[in-house]
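Colleague: Here it is, the structure, as structure tokens.
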Amino acid sequence: MAVPDLLRLLDSVPSYRERVTHIETTEPVTARYGRLDCSLSPALEGYLTQSGIRLYSHQCEAINASRAGRNVILTTPTASGKTLAFNLPVFTALECDSDARALYLYPTKALANDQLLPLDELSRFTGISARSAIYDGDTPQSKRAAIREKSRIILSNPHELHQVLSWHAKWRYFLSGLEFIVIDEAHRYRGVFGSNIAFVIRRLLRLCRHYGSEPRFILSTATLANPQEFARCLTGQVFVSVEEDGSPHGRKHFVLYNPFFNGICEKSAHHETKDLLVSCVKEDLQTLCFTGSRKMAELLTLWAREDARLSSARAADSISVYRAGFLPEERRTIEQQLKDGSLKGVVSTNALELGIDVGSLDAVILSGYPGTMMSTRQQAGRAGRKGDEAIAILVAQANPLDQYFMHHPDRFFSRSHEHAIIDLKNPYILAGHILCAAAELPVDEGADRQYFGDTLDEYLHDFQSHDLLRKTSRGWVYSGRGRTAEAVRLDGMPQETFRVLCQGKLLETMDRGQAYREAHEGAIMLHQGETYIVNEMDPATHNIRVTGTSVDYSTQPLKEVELAILETLETKEVNGMRCSFGDVEVTEHFTGYKIKRGDTIIGIEPLSLPPLTFRTRAFWFIPPADIKKSLDTAGLDLAGGLHGAEHAIIALMPLHVLCDRWDIGGMSSPAFGADGEPVVFVYDGHEGGIGLAEKAYAILSPLLISAYEMVRDCPCDDGCPSCIHSPKCGNDNQPLDKGATTRILGRISGEIPACSHEQVPAGTGVVPS
Amino acid sequence: MTATPLFNRAGMLWQQRISGMHEYEFVREGNVFSAGFSQSFVFSSEYEAARQLLATLLSQYQGRNFDSVFCGRDEVNSGGVCFAHTSRHDLSFHPFDTGRFRDEVEKDLSLVHGIGPATGKKLNARGYLTLNDLCRHPHYCHNAKDVLTRISGGNTLEIMNLIGGRHSRSHRSVLGTAAMHEPEDFVFFDIETLGLFGRPIILFGIGSVENEKLCVTQYLLRDIDEEEAALLATVSHLSGDHPALVTFNGKSFDLPYLTDRLAYYGLGSPVAIPHFDMLHFSRRRWKGELSSLRLTALEKAVLEIKRKDDIPGQMVPEFYEAYQRSGNCGPLVPILDHNRQDVVSLARLFFHLMGESYGCT
């Protein structure tokens, strides 16, 4: 057993010991088995017996609920046997009813491919005909008709589904018999993408109703704070949530490791990761290391091999990189070498957390928090073979979330706070799918309200006035120019598309906002790990011309944000402070860009771009008037404090609401509007809003508390990248005042009572100037 | 949620996005090969001419109401009402020589399963010249009898499938099965739509032979509301006594589009009837000989028909939208003309090809 050896090493080497901020040990758990309410058919029972499978409690719970006609969402960890939990009810239905059909949706083609084999096996063994087939963009035209008509289980992805719904007449056999919709990895359908998928599913259900079927759902997701709410938003149906995992696992240690334990980092955090990886390999632990970028995966591998070579060439050769872009044979070789033990260390990018088929290992190292607890759990879940002791190590980076967890291990190991958000109210997304629906079947303003909400009527009339729909005696009929399913992109808003061209070849497309931020003239942009410089960006023709380059600097745009409140939808009081939620219009002026080498600014260039205006949803709050007075007394800067509070809140949003900090924007002002009140705005960065600010507004108290704790507990004096500096600040992180930030956040989170705000709480490191 | 300021822009934004979509490409003159055999390109000169025509029509028909421009009747059925217009056109064709078709088929030994061109030749050399001869063959007699039974059964659809399955679907004998029909059986069919799938069909053109003339009935939507009635009216033409469908590219466009729109209104598909898609037979006949195999090019080269003030089919949506927006029915004039000419040319092309191979001499 080598895991205890590694733990001893972490404890005995001083440089390790001081960096280990917490070790959470989970004791081994034995399997808990369950009982089915009514037994399976002899064929399925025989399959389980033959395969030596006894169903765990959560599998039974899911199967019982599904067979009772309920919709089920399963949130147990990876490798807990979720696939069987949805295959058994599906096959039961296929066996009972020869017309029954099932649709399995996977987020990627690769995941669908992986499932085909087990389905075929189950079908072959039980003799229950399923004719499982994949139907996606790669399916040959010649096979499509047969699949639609004969396959009883079709595996596809949401993009394909979005495209095929308008051909429903060809799918009428399948749709009229559809009994199950299985959605695996459903947590991937959140944010803009998820909100689009939610309407694709509603369009599917609308067609099912037309053809007389009423399918049940089985969803599987990673751990979420709001599984039932999420499932309901995604599908419009009510769900039973199955969360208690009955599968066994061995002893597990989760180590929180902070290279910035003393506020500085002697080596880089990446070198610390390398040291840990080499130590693991030397302890003979098979280790998987996740990094944030492909480049870092390559570098880490290189360093680790050099380092390991000092002690043994064999150890050096047992470390390899595993990244996107490898040929299938290369991947299989690595997977095989991991299985036969000749490979000890593999470095991979976060993006591969699902695609990698290496089974389970002894140790997992996460180089930096991967952005969500969900990903963290999925990556760390790779550690632990059947019942063996395993270890996972999170190496913190210098950013607010990583450091927040280092100072608050309890938050890290507690129940998930992450809410997966689906916004059914974004007018652009909703409107796009109403158009798609109207091209599939005439829309009935009464009966179709269940899918598109109570404002359906208003949209229909609005579309009529824009010549997109016509009211007929059979309902509202689409009569616009383009094909709707082509106009509606599932991962974006109906915005103009900018094309990035390199020597006439299309590299990628982006919307106007992204083009202004990342591909303005002179910008250094990254595309699939390669560096490009933007020679020309034409806001009128939407063409961006770039050439490959290998400069050693980066660029960052500078922008000024103007914000106007269009309508206040809600107002409430939190800790004596007025908070509101509503519609705003944001205007961003891109004034120039910084040229940086590392963190050093080596130049600033002006930009002349037309302003970017979008309407979105925001929450905002007006700190109580007495704060300004007390800050003045203490010689602290109100503007710098509000700006810092804005950054801190945005940095901690992903802890509560599943999003990237890049999905959210902020604006603060010491004197806003006609009344000249101090204010902080936090808005969704997407046209029409995507529910992030709305959710944050609903859970404002815990959000403010975590932001306050994060700033309070950062050991720096004046603000740093681990607390209130923002990597995306358009004002170059000016002005910022950490002392003022701490006081404002302390006061509005209710952590510092109004009467005692004169006192600076201990441990803030604030030096009043 | 009530109508918030956010909502107000949704319709406008989608209109912008959708009106920016084009389903056809411009091709510079003389560059037809660059577009491949796609239906979705428009020559830039055609486009310019059509835009000009549209402007002229809008001023020419300003203030004139529908009934003063189009002389027709209301077609009323369970789907509602639509506008129907009928016209008659000269048509010259020779009666079909059914014997020629039967001879051709009976000499085609490769219709029998297991016989390819090589085996066929060997059998010919050994005196098996017809399927009847083959009925005496020790090995092939069974299959040969079966083929003969199917042919003498007289079911066009089955014979088309038999020949098409053994040869290609565009084999001349597949077209030859049309000789088993009376000229009055054929339904020449062409639609005009608001785009490539998923949008209304705004005009249905149906041609049939009556008293040696071609009678073209067109069902036009004065408003989208009339689509269902026009669909039902069209379907009624496809369910006659012994009907056969004739189209140009109808296998991949007109017929699936029709089925799709019927399904859109929750109506069943029409019963399968023999379908002669002239695009495929024309391709086989004139490939390599003519540079373009679009219907307009064929009618010019083969039938010597010249169109005046025609609009490219791809621009029909733009013209119809102009009508919808303005209420001015001028833009409908070239749409009806275009569709009518398509049906007429289609019928003439069909009889031309049939006459070449199976006409009475």
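Colleague: Which value, in Å³ per residue, describes the convex hull spanned by the Cα atoms of segment A:567-652? The partial results should precede the final answer.
Modeller: On the way: hull volume 13.8 nm³, N = 86.
So the per-residue Cα hull volume is 161 Å³.
Colleague: Quick one: work out Rg over Rh on the C-alpha atoms of segment A:42-242, Rh as Kirkwood radius. Show your work: numbers first, answer last.
Modeller: Values: Rg = 15.8 Å, Rh = 16.9 Å.
A ratio of 0.93.
Colleague: Assuming R0 = 30 Å, can you tell me the calculated FRET efficiency for the pair A:Ala674 and A:Thr633, based on Cβ-Cβ distance, to the nearest 0.05?
Modeller: On the way: r = 27 Å, r/R0 = 0.89.
Using R0 = 30 Å, I get an efficiency of 0.65.
Colleague: Another question, then. Summing Lys, Arg as +1 and Asp, Glu as -1, what charge do residues with Cβ under 13 Å from the Cβ of A:Leu178 carry, A:Leu178 excluded?
Modeller: Values: positive: A:Arg101, A:Arg148, A:Arg152, A:Arg172, A:Arg206, A:Arg209, A:Arg216; negative: A:Asp97, A:Asp99, A:Glu179, A:Glu214.
Combined, the nearby Lys, Arg, Asp and Glu give +3.
Colleague: Then there is this: I want the local charge near A:Pro442. Using Cβ-Cβ distances under 13 Å, sum +1 for each Lys or Arg and -1 for each Asp or Glu among the other residues.
Modeller: Numbers: positive: A:Arg206, A:Arg470, A:Lys471, A:Arg474, B:Arg199, B:Arg261; negative: A:Glu440, A:Asp444, A:Glu445, A:Asp448, B:Asp225, B:Glu227, B:Glu228.
Surrounding charge for A:Pro442 is -1.
Colleague: A follow-up question, please. Using only the alpha carbons of segment A:497-551, what is the convex hull's orientation-averaged projected area in square nanometres? Let's see the in-between values first.
Modeller: On the way: hull surface 13.2 nm².
The Cα convex hull of segment A:497-551, projected and averaged over all directions, gives 3.3 nm².
Colleague: Calculate the FRET efficiency for A:Ser15 and A:Ser293 from the Cβ-Cβ distance with a Förster distance of 45 Å, rounded to the nearest 0.05. Please list the in-between numbers first.
Modeller: Working: r = 26 Å, r/R0 = 0.57.
Efficiency, rounded to the nearest 0.05: 0.95.
Colleague: Would you mind computing, in nm to one decimal, how far apart the modelled labels at A:Ala698 and B:Asn65 are, each placed 7 Å from Cα along Cα→Cβ?
Modeller: Output for this residue pair reads 5.6 nm.
Colleague: Report the net charge of residues surrounding A:Gly250, where surrounding means a beta-carbon distance below 9 angstrom and charges are Lys +1, Arg +1, Asp -1, Glu -1.
Modeller: Value of the local net charge: +2.
Colleague: Expressed as cubic angstrom per residue, what is the convex hull volume of the alpha carbon set of segment B:105-239? Let's see the in-between values first.
Modeller: Working: hull volume 19.4 nm³, N = 135.
Cα-based convex hull of segment B:105-239, divided per residue, equals 144 Å³.
Colleague: Extension gain A:Phe125-A:Asp284, at 0.36 nm per residue separation less the Cα-Cα distance, in nm? Could the numbers behind the result be given before it?
Modeller: On the way: separation 159, 0.36 × 159 = 57.24 nm, distance 3.99 nm.
Answer, rounded to one decimal: 53.3 nm.
Colleague: Please state, rounded to one decimal and in Å, the Kirkwood hydrodynamic radius that segment A:710-756 gives when every pair of distinct Cα atoms enters the mean of 1/r.
Modeller: 11.5
Colleague: Which percent of the Cα-Cα distances in segment A:559-756 go past 21 Å?
Modeller: Values: 9766 of 19503 pairs.
Of all Cα-Cα distances in segment A:559-756, 50 percent exceed 21 Å.
Colleague: For segment B:98-173, what does the equivalent ellipsoid look like in terms of its semi-axes, each the square root of 5 times an eigenvalue of the Cα gyration tensor, given largest first in whole Å? Intermediate values should be presented prior to the final figure.
Modeller: On the way: eigenvalues 72, 35, 27 Å².
They are 19, 13, 12 Å, listed from largest to smallest.
Colleague: Right, another one. I'd like the distance between the alpha-carbon centres of segment B:341-361 and segment B:245-310, rounded to an integer number of Å.
Modeller: Taking the Cα centre of each part, segment B:341-361 and segment B:245-310 sit 13 Å apart.
Colleague: Right, here's the next one. Charges only on Cβ, +1 for Lys and Arg, -1 for Asp and Glu: so what's the dipole of chain A about the Cα centre, in debye to the nearest 20? Mind dumping the intermediate values first?
Modeller: Details: 79 positive and 97 negative charges, 425 e Å.
Dipole size: approximately 2040 debye.
Colleague: Calculate I(q)/I(0) for the protein assembly as shown by the Debye formula, one identical point scatterer on each C-alpha and no solvent, and give its log10 at q = 0.08 Å⁻¹ to two decimals.
Modeller: -1.02
Colleague: If you don't mind, another one. At q = 0.10, 0.16, 0.21 Å⁻¹, what log₁₀ I(q)/I(0) does segment A:387-489 have when each alpha carbon counts as one equal point scatterer in the Debye sum?
Modeller: Cα-only, vacuum Debye calculation for segment A:387-489: -0.51, -0.70, -1.09.
Colleague: Indicate the gyration tensor shape class of segment A:649-750 (rounded, prolate or oblate), computed on the Cα atoms with a ≥ b ≥ c the square roots of the eigenvalues: a/c under 1.5 is rounded; otherwise a/b larger than b/c is prolate and the rest oblate. If you can, show how the numbers build up before the last one.
Modeller: Numbers: a/c = 1.36, a/b = 1.19, b/c = 1.15.
Rounded, since a/c falls under 1.5.
Colleague: Along each of the three principal axes of the Cα atoms of segment A:1-122, give the extent in whole Å, ordering the values from largest to smallest.
Modeller: Principal-axis extents of the Cα atoms in segment A:1-122, largest first: 67, 34, 28 Å.
Colleague: Can you give the % of DSSP beta bridges in chain A that are antiparallel, to the nearest 5?
Modeller: Values: 76 of 128 bridges.
In chain A, DSSP labels about 60 percent of beta bridges as antiparallel.
Colleague: Counting only other chains, what is the mean number of Cβ atoms within 10 angstrom of the Cβ of each residue in peptide A:422-432?
Modeller: Working: counts 0, 0, 1, 4, 2, 12, 7, 1, 3, 6, 5.
Per-residue shielding by partner chains comes out at 4.
Colleague: In Å³ and rounded to a whole number, note down the convex hull volume per residue for the Cα atoms of segment A:453-516. Mind showing how you got there, number by number?
Modeller: Details: hull volume 8.8 nm³, N = 64.
With only Cα atoms used, segment A:453-516 gives 138 Å³ per residue.
Colleague: Over segment B:211-315, what number does the Rg to Rh ratio reach, with both radii from the alpha-carbon atoms and Rh per Kirkwood? It would help to have the intermediate numbers written out before the result.
Modeller: Working: Rg = 16.0 Å, Rh = 16.1 Å.
So for segment B:211-315, dividing Rg by the Kirkwood Rh gives 1.00.
Colleague: Okay, moving on. Return the distance in nm (one decimal) between the two label points of a simple spin-label model at B:Arg126 and B:Leu157, each offset 7 Å from Cα along Cα→Cβ.
Modeller: Modelled inter-label distance: 3.7 nm.
Colleague: I need the P(r) histogram for segment A:427-487: all alpha carbon pairs, bin width 10 Å from 0 out to the longest distance, whole percents.
Modeller: All Cα pairs, binned at 10 Å, distribute as 25, 64, 11 percent.
Colleague: Whole angstrom only: what separates the Cα centroid of segment A:59-89 from the Cα centroid of segment B:136-215?
Modeller: 52
Colleague: Mind checking the dipole of segment A:559-756: about its Cα centre, +1 per Lys or Arg Cβ, -1 per Asp or Glu Cβ, Debye to the nearest 20? Provide the component values of the computation, followed by the final result.
Modeller: Details: 17 positive and 28 negative charges, 61 e Å.
The calculated dipole for segment A:559-756 is roughly 300 debye.
Colleague: So if I take the centroid of the Cα atoms in segment A:674-699 and the same for segment A:571-611, what is the distance between those two points in Å?
Modeller: So the two Cα centres are separated by 13 Å.
Colleague: Which of the residue pairs A:Lys109/A:Lys339; A:Lys109/A:Lys143; A:Lys267/A:Lys344; A:Lys295/A:Lys559 have a Cα-Cα distance greater than 22 Å in the structure shown? Can you show the working numbers first?
Modeller: On the way: A:Lys109/A:Lys339 25 Å; A:Lys109/A:Lys143 17 Å; A:Lys267/A:Lys344 24 Å; A:Lys295/A:Lys559 29 Å.
Violating the 22 Å Cα-Cα cut-off are A:Lys109/A:Lys339; A:Lys267/A:Lys344; A:Lys295/A:Lys559.
Colleague: Could you run the Debye sum over the Cα atoms of segment A:170-308, one equal point scatterer each and no solvent, and tell me log10 of I(q)/I(0) at q = 0.14, 0.17, 0.19 Å⁻¹, two decimals?
Modeller: The Cα Debye sum returns log10 ratios of -0.84, -0.97, -1.08.
Colleague: Need one number: nm distance between label points at A:Lys143 and B:Thr56, each 7 Å from Cα along Cα→Cβ, rounded to one decimal.
Modeller: 5.4
Colleague: In addition: Give the Rg/Rh ratio for chain B, taking Rg as the radius of gyration of the Cα atoms and Rh as the Kirkwood radius, to two decimals. Let's see the in-between values first.
Modeller: Numbers: Rg = 23.8 Å, Rh = 22.8 Å.
We get a ratio of 1.04 for chain B.
Just so you know, all these numbers are worked out from the coordinates, no wet-lab data involved. Small disclaimer: the values here were computed from a predicted structure and weren't measured. As a convention, Cβ positions derive from the backbone with ideal geometry for all residues, glycine included, and neighbour counts pool all protein chains shown.
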